Amino acid sequence: MRGGIRDNRRRRHRRDGGAPRGCEVTEAEWLAATDPEPMLGFLRGKASERELRLFAVSAVRRVWHLIRDERSKCAVEAAERYADGPATKC
């Protein structure tokens with residue numbers, strides 16, 4: 001489909017999941033994304049360790065309601081705090 005969503009997706013993602021150089025993703029596209037693999041591919045080589053950590057935390061936060069073990073929730077919260085400096089106990 002020329003100029004359609006499928007055409008844009010093909011140009012945006014390489015086989016290894018990375019985005020081509022100079023590829024832009026709008027905020028709306030980023031927020032609407034449901035598959036983390038192309039998102040991580042887009043971040044490859046661009047994101048800092050802090051940004052990748054926060055990306056992982058945000059992915060877990062999307063399924064927060066499914067996490068029953070408080071220790072797991074505490075670990076996610078610690079990772080979130082660690083992104084901005086030394087993490088302390090829950």
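Please indicate, with yes or no, whether at least one residue in region 47-63 is touching a Lys or Arg at 6+ places or on another chain (Cβ under 6 Å) and not assigned by TED's automatic domain parsing to the domain that holds Leu31.
Among the residues of region 47-63, not one is touching a Lys or Arg at 6+ places or on another chain (Cβ under 6 Å) and not assigned by TED's automatic domain parsing to the domain that holds Leu31, which makes the answer no.
Condition (residue is at pLDDT below 80, over 29 Å from Ala79 (Cβ atoms) and assigned to a loop (DSSP other than H, G, I, E, B)) applied to region 6-13: is it met by at least one residue?
No - not one qualifying residue is present in region 6-13.
For region 65-90, what are the residues that are of a type outside the set (D, E, K, R) and within 15 Å of the chain's Cα centre (by Cα)?
Val76, Ala79, Ala83
Taking the condition of being more than 22 Å from Ala32 (Cα to Cα), modelled with pLDDT under 90 and among the hydrophobic types (A, V, I, L, M, F, W, C), how many residues in region 44-78 meet it?
Qualifying residue count for the region: 0.
The values are calculated or read from the model by the stated rules, or taken from the named source; none is laboratory data. Note that the coordinates shown come from a computational prediction; the quantities given were computed from them, not determined experimentally. So basically every Cβ, Gly included, is an ideal-geometry build from the backbone, and we count neighbours across all protein chains shown.
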